[in-house]
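Each remark here refers to the structure printed beneath this line.
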Amino acid sequence: MELDYVRLAPGFAREVLEIYENWEGKDSVPMKVKELMMVIEIEVNKLYDPGGWARIAAMPKPPILKDTKLS
């Protein structure tokens with residue numbers, strides 16, 4: 001799920017996340033709102049760390065092991 005409006009206003013989305021995290025009554029929020037806030041947090045983190053996905057992709061992959069059983 002890509003959130004285009006987060007790209008339009010990442011600073012605003014970040015402020016909303018900060019307010020939500022500091023809000024004392026967030027335990028009573030419906031699960032759908034909690035899920036939405038989690039998705040917005042992921043999108044904001046990707047925007048503020050633009051090289052993060054490239055670093056993850058550049059990490060060495062574990063070698064593919066072949067089957068060593070004798071046939």
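The values are calculated or read from the model by the stated rules, or taken from the named source; none is laboratory data. In this text, all values refer to a predicted model and were calculated from it rather than measured experimentally. No Cβ is skipped: glycine too gets one built from the backbone with ideal geometry, and neighbour counts run over all protein chains shown. With ligands, DNA and RNA removed, areas are computed over all heavy atoms of the protein, side chains included. Shrake-Rupley method; radii C 1.70, N 1.55, O 1.52, S 1.80 Å.
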When the stretch 20-41 is checked residue by residue, the ones that are aliphatic (A, V, I, L, M) and closer than 18 Å to Pro10 by Cα are Leu36, Met37, Met38, Val39, Ile40
Being at pLDDT 80 or above, under 17 Å from the mean Cα position of the chain (by Cα), surrounded by 12 or more Cβ atoms within 10 Å (Cβ to Cβ) and of a type in the set (Val, Ile, Thr) narrows Val16, Val6 down to just Val16
Flagged in the stretch 20-69 as part of a helix (DSSP H, G or I) and of a type in the set (Gly, Ala, Ser), in numbering order, are Ser28, Gly52, Ala54, Ala57, Ala58
message: Quick check on Lys34: is it basic (Lys, Arg), at pLDDT 80 or above, open to solvent by less than 100 Å² (accessible area, probe 1.4 Å) and within 15 Å of the chain's Cα centre (by Cα)?
response: yes
Residues of the stretch 42-62 being within 16 Å of Arg14 (Cα to Cα) and open to solvent by 80 Å² or more (accessible area, probe 1.4 Å), in sequence order, are Ile42, Asn45, Tyr48, Pro50
